[in-house]
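The values are calculated or read from the model by the stated rules, or taken from the named source; none is laboratory data. As the structure is a computational prediction, the values presented were derived from the model and not from experiment. For neighbour counting, all protein chains shown are included, and Cβ atoms are generated from backbone atoms with ideal geometry for every residue, glycine included.
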Amino acid sequence: MGLDFPNPVGLAAGLDKHAEHVDALAALGFGFIELGGVTPRPQPGNPRPRLFRLPQARAIINRYGLNSIGVEAFAENLKRARAKAVIGANIGKNKDTPNERAVEDYARCAEVLYPYVHYLALNVSSPNTRGLRDLQSAENLTRLFSALKQKRETLRQRHGRDVKLVLKVSPDLDDGAIGDISEVARREHADGLIATNTTVSHAGIDHLPHGTEEGGISGEPLLSPSTRVLRALASRLKGEIPLIGVGGIMSGADASAKFDAGASLVQLYSGLVYRGPGLVAECVHAYEARKSGAH
């Protein structure tokens, strides 16, 4: 993406939703940190309880619903960070913004955050905001990308820096949708694709305590579906657009599987909960071993 990453292991969005812990998270050894998701206006998200741990499956179900302090307060927090990390911000639309006006919300987030981040991840794949995944259609994505590229051109001239535009997609896409997204990403010159967000499939966990709770599922059950989408995108895009593999990485071997499937970078979140910060170094070492041919 034209960015220099100290290592290819990043923090996924959703852990530091309000950009409150950038320095502490950077100290864990991540090569980059994705903050958010953040929305233009503050919103409380869905009612509690909205987060469930399923230890037997090393999984987490969340239905936060993009709870956010709003982009202005988020930017103020980010300004205070001292870490010289590569920073991404995951941006979304407010719950009460209709899809026809979603572009305005993403553009607003881009405008406020542009001076403080290296890339913006367009979140069109959270399962917890009704209708958000409809923005993954070819027509909606084309409209979104085209508007944001125009916005970026204005901001680039104003700030004298180039911020990358990355798209975060769902693990629940069929082959037709993966093909459509690949075509739009290629045509609109997306700087990267993040594969993937959480899944709504409860397969294999619905017998467990909390296993039928509504929400997005992350952790071990997400490894296979997210890697399937990653591999399918890689086979269509043939290295033209960098891919970030996220979903179900619980070990260095899982990170290696993402790199084998076509990822240039990987991200963790639930694995950090179940394995602790040692997982970051384990994944970096797995990448280095792969590069040296020792895997």
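How many residues are surrounded by fewer than 20 Cβ atoms within 10 Å (Cβ to Cβ) and closer than 25 Å to PRO127 by Cα if we restrict to the stretch 76-93?
Residues in the stretch 76-93 being surrounded by fewer than 20 Cβ atoms within 10 Å (Cβ to Cβ) and closer than 25 Å to PRO127 by Cα: 0 in total.
Hey, among GLY215, GLY245, GLY211, which residue is touching a strand residue (DSSP E or B) at 6+ places or on another chain (Cβ under 8 Å), small (Gly, Ala, Ser) and at positive phi?
GLY215
Mind counting the residues in the stretch 2-41 that are buried (at least 19 other Cβ atoms within 10 Å of the Cβ) and on the phi > 0 side of the Ramachandran plot?
3
Exactly one condition in (1) touching a Leu at 6+ places or on another chain (Cβ under 6 Å); (2) under 18 Å from GLY248 (Cα atoms) is not met by ILE91; state its number.
(2)
Against the condition in contact with a His (Cβ under 7 Å, 6 or more places away or on another chain), farther than 24 Å from GLY65 by Cβ, without any contact (Cβ under 8 Å) to a residue 60 or more places away in the chain and among the aliphatic types (A, V, I, L, M), how does ALA261 come out, does it pass?
Values: in contact with a His (Cβ under 7 Å, 6 or more places away or on another chain): no; farther than 24 Å from GLY65 by Cβ: yes; without any contact (Cβ under 8 Å) to a residue 60 or more places away in the chain: yes; among the aliphatic types (A, V, I, L, M): yes.
So ALA261 does not fit the description; no.
Specify which of the listed residues (ALA232, ALA261) is modelled with pLDDT of 95 or more, in contact with a Ser or Thr (Cβ under 6 Å, 6 or more places away or on another chain), farther than 19 Å from ASN123 by Cβ and of a type in the set (A, V, I, L, M).
ALA261
Can you tell which of SER182, SER170, SER137 is farther than 20 Å from GLU34 by Cα and buried (at least 20 other Cβ atoms within 10 Å of the Cβ)? Show your work before the answer.
Details: SER170 fails: farther than 20 Å from GLU34 by Cα; SER137 fails: buried (at least 20 other Cβ atoms within 10 Å of the Cβ).
SER182 is the lone residue from the list that is farther than 20 Å from GLU34 by Cα and buried (at least 20 other Cβ atoms within 10 Å of the Cβ).
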